[in-house]
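Following: one structure in structure tokens, then a few remarks.
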Amino acid sequence: MWENRCKIAVSGVGYSQATRSAETPLAAHALHAVKAAVEDSGLQMPDIDGLATYPELPATGHATVDGISIVSVNCMMAMLKLPNLTWHIQTGSVNIGGAVQQATNALLAGVCKYAVVWRAMHNPRGTYQNLPGAQATGPLQFTAPYGFGGPGQFHAVAYARWLERHNQQREKMATLTVTQRKHGLKNPHAFFKVPLTREDYLNSRMVAHPLCLYDCDIPVQGAVAIVLTTADRARDLKPRPAYLAGYGQRLHFEVAGRIPSLSNYMEGGRSSAQLTWSRSGFTPKDVDVAQIYDGFSSSVIYGLESYGFCKEGEALDFIQGGRIELDGDLPLNTFGGSLSTGRIHGLWHIIEGVLQASGRAGERQVKDVNVSFVGASAPIVEGTTFIFVKEPY
Amino acid sequence: MTMSDWSKVTRPVPVPNEWTKPFWDAAKQGVLALQRCQACKHFQHPPYATCVNCISTDLRFEPVAGHGAIYAYTIMYHTGDKRFAAAVPYASIIVELDDAPGALLAANLLEAPYTEAKVGRRVEVMFEKLNEEITLPQFRLARTEVGA
């Protein structure tokens with residue numbers, strides 16, 4: 001087991017009100033979320049001495065403008081002018097989970113005391129994924145001429161292979177999307193405020209078969225943030241802490257431009273989860289509640305299977321029969337997932353993992369939670385995994 | 001009718017670079033050629049600086065037969081890219097070649113209804129000329145069985 005288990009905790013969390021269009025500059029969203037997280041901790045802004053984010057704009061073909069389409073660490077430092085800042089970083093791999101892990105390491109190293117991590121997501125005007133113009137350069141020369149555009153199609157091909165290889169039916173996915181929306185209606189910060197029915201799902205238009213509209217999260221403008229600190233400091237703050245029992249990151253990647261195979265996604269998820277299980281000492285059977293990245297619904301399948309919650313090919317059967325309800329055996333994406341909050345990437349999943357472990361999830365709180373698992377972004381993308389616990393051990 | 005109408009589609013034109021030029025030079029001659037590691041004999045695609053199998057840098061392009069199976073596919077309905085909107089719905093497929101296991105090629109399934117795209121279906125290479133410089137390898141359902 002990891003010698004540093006439960007030495008770091010997440011205290012406060014904060015959100016901006018996500019909107020469909022970019023009416024308010026992204027920097028204002030990020031600032032709002034960071035202030036809310038600090039206030040939720042019971043800290044004052046001058047207490048914050050560490051900053052970390054992963055700023056990438058996943059929409060392709062749009063200008064990257066700091067404060068407008070991304071919120072870099074430099075941007076946040078300039079806005080906050082923190083008098084006691086001692087550490088900061090902007091990560092470039094494994095998405096926002098990597099920034100949370102770096103903040104953890106900095107706290108363990110003693111180079112800061114209270115670190116804030118935020119994720120701000122921009123929804124640009126026009127088409128989210130702009131394909132190359134008349135010419136296709138670099139790795140795109142082998143995909144764009146055939147009409148392969150954004151990530152959705154690459155998720156779709158992997159999902160089609162999974163469905164046909166395992167003789168499964170996409171209609172079973174209705175259970176996941178309908179249940180997650182039901183959870184999301186109990187989350188005051190969710191973007192969607194109306195129920196989703198099985199019929200809505202089954203009748204929705206195809207985007208890239210086998211993915212339909214409700215298999216895809218909706219791009220939004222918004223930000224969320226968390227405060228991390230050492231366990232002894234966290235105990236003196238306002239909210240009950242969620243202790244970090246272990247984490248992992250994806251260790252399998254393909255070279256640039258190579259079309260990722262389904263088996264590669266699974267290896268990515270397995271490698272991250274294995275680190276998390278061995279560091280924490282827990283197994284999938286010990287988990288009381290799970291958040292698994294759902295930018296596309298199919299990512300939840302690869303998560304459930306590669307993390308070890310069920311066998312390969314069985315995830316769409318595993319989620320049936322009430323198992324993922326709040327009172328089920330494995331309550332799943334209890335905040336509604338990205339499918340309910342909009343595309344804020346994995347920090348929302350981490351926040352919900354924290355709230356469930358610390359008993360602060362309100363109306364959607366799962367009973368008797370101790371072990372709270374988070375797959376912060378899909379193995380299909382850039383995976384990280386975490387376990388938070390209520391009781392240090 | 002489930003045939004996709006490609007006649008009004010203007011495809012983005014590939015721009016060869018120092019790694020990929022031999023691939024496009026071969027395609028222009030109606031030959032599918034992939035990068036092969038001379039140390040471990042592994043085929044790979046797209047071209048890269050090193051062998052993805054053994055990290056050797058001794059890589060050369062060699063012709064492959066162009067027979068394979070659909071590894072995965074999607075039927076595109078979304079019309080976000082207006083250049084492809086006229087062909088919707090259409091099948092974008094990922095092909096795994098018999099000669100080059102693990103080297104996955106993107107393509108469209110041509111000369112067949114898009115509903116014929118299924119994992120495991122046998123396909124064979126064909127070529128679609130885009131301009132004087134660039135010819136795209138494409139795939140259709142197999143008409144000749146390997147060894148026949």
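Data for the structure
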{"read-out": "Residues located in segment A:107-158, provided they are more than 8 Å from every other protein chain (Cβ to nearest Cβ) and in a helix (DSSP H, G or I)", "value": "A:L107, A:L108, A:A109, A:P151, A:F154, A:H155"}
{"read-out": "Complete set of residues in segment A:236-286 that are assigned to a loop (DSSP other than H, G, I, E, B), within 14 Å of chain B (Cβ to nearest Cβ) and surrounded by 16 or more Cβ atoms within 10 Å (Cβ to Cβ)", "value": "A:H252, A:G257, A:R258, A:I259, A:P260, A:S261"}
{"read-out": "Every residue from segment A:1-31 that is surrounded by fewer than 22 Cβ atoms within 10 Å (Cβ to Cβ) and in contact with a Lys or Arg (Cβ under 9 Å, 6 or more places away or on another chain)", "value": "A:M1, A:W2, A:N4, A:R5, A:S21, A:A22"}
{"read-out": "From B:T74, B:T115, B:T144, residue being over 12 Å from the mean Cα position of the chain (by Cα), crowded, with 18+ Cβ neighbours inside 10 Å and not aliphatic (A, V, I, L, M)", "value": "B:T74"}
{"read-out": "Condition met for B:E124 (part of a loop (DSSP other than H, G, I, E, B) and of a type in the set (D, E))", "value": "no"}
{"read-out": "Segment A:91-144: number of residues that are more than 27 Å from B:L136 (Cα to Cα) and polar (S, T, N, Q)", "value": "8"}
{"read-out": "Test: B:Q35 is more than 30 Å from A:R205 (Cβ to Cβ) and crowded, with 19+ Cβ neighbours inside 10 Å", "value": "yes"}
{"read-out": "Hey, B:I55 among the β-branched types (V, I, T), touching a residue at least 24 places away in the same chain (Cβ under 8 Å) and either within 24 Å of A:N264 (Cβ to Cβ) or within 10 Å of chain A (Cβ to nearest Cβ) (or both) or not", "value": "no"}
{"read-out": "Residue in segment B:17-28 that is within 8 Å of another protein chain (Cβ to nearest Cβ) and either more than 27 Å from B:V88 (Cα to Cα) or surrounded by 13 or more Cβ atoms within 10 Å (Cβ to Cβ) (or both) present", "value": "yes"}
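Since every read-out is calculated from the coordinates, none of them should be taken as a lab result. Note that the coordinates shown come from a computational prediction; the quantities given were computed from them, not determined experimentally. Cβ sites come from the backbone with ideal geometry, for glycine too, and all protein chains shown count toward neighbours.
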